[in-house]
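Below you'll find the structure, written out as structure tokens, and then a few comments.
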Ligand code: PEP
């Protein structure tokens, strides 16, 4: 059975009081509701230690939004896998489209980051997805396949099973525009079959692939019901417990 996951990416939102409030609300929610999936959050790195304190019994997985390609040293503003390991974080997002767009992230740097994370026992949530122009040009299948190959196919079979992939079409992130469940399913199936070609079906069947891009309480259930969609990476709707909890209940 593949892991089913709903993960919230808080991006650069919330001051410390608001962050603590939302974490406390999420803790209360998970204490009084049994969910059919794992619940993870990726708050700003400033709040990761607080998250580890609030979710001291691992009620919710705690993830960074990015890591450095370097192990340590003179890289102002960055955080390392060692730092995450030292606070017992669960993993990190890698290659989010906003990191690609504004910070020069690419699949080669993602490949390095995925390996660094795995070496420290952290779960890499590798994000990929095509732009609107690429979709309009009918290149989405090729783009996503190449992204997956470049970032992940140097891994061993045992390693790739530990990676979580988040397919996030760039045109659907924060735009209110969602891929239809069918559009998402066909890309998820395509990613899985690329993994199967390289590593075999058994390995491919173990890799969880999340969908991200304007998932909301009213579309989560239908998206999550697709056979190759194992959950969601949620941006805007992860910032309020009312919305996020309804998405969790989509499972
Ligand atoms: C995201 O940032 O990963 C995301 C999917 O954002 P949103 O849900 O707001 O589209």
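A short reminder: the numbers here are calculations on the coordinates, not readings from a lab. Not measured: the values here are computed from a predicted model. Ideal geometry is used to build each Cβ from the backbone, glycine not excepted, and the neighbour counts take in all protein chains shown.
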Inset, instruction - Measure out, as a whole number of angstrom, how far apart the alpha-carbon centroids of region 83-113 and region 213-227 sit. - result: 25
Inset, instruction - Neighbouring Cβ atoms within 10 Å as the yardstick, rank 27, 84 fewest first. - result: 27, 84
Legend entry - Distance from region 118-134 to region 178-193 (C-alpha centre basis), Å: 16
Legend entry - Extension gain (nm, one decimal) between residue 16 and residue 202, 0.36 nm per residue minus Cα-Cα: 62.6 nm
Legend entry - Cα gyration tensor shape for region 57-140, rounded if a/c is under 1.5, else prolate or oblate: prolate
Legend entry - region 47-123 - percent relative contact order, Cα under 8 Å, separation 6 or more: 31
Legend entry - Computed over the chain: relative contact order in percent, which uses C-alpha pairs under 8 Å that are six or more apart: 21
Legend entry - Rounded D (µm²/s) - the chain, Kirkwood Rh over Cα pairs, Stokes-Einstein at 37 °C, 0.692 mPa s: 182
Legend entry - Among 231, 104, 174, residue whose mean-square fluctuation peaks in a GNM of the chain (springs only between Cα atoms under 10 Å): 104
Inset, instruction - Among 127, 37, 110, rank each residue by its count of other Cβ atoms within 10 Å, from fewest to most, as a rough exposure measure. - result: 37, 110, 127
Legend entry - Order of 178, 76, 69 - criterion: other Cβ atoms within 10 Å of each residue's Cβ, fewest first: 76, 69, 178
Legend entry - Relative contact order (percent, whole number), region 1-71, Cα cutoff 8 Å, 6+ residue spacing: 38
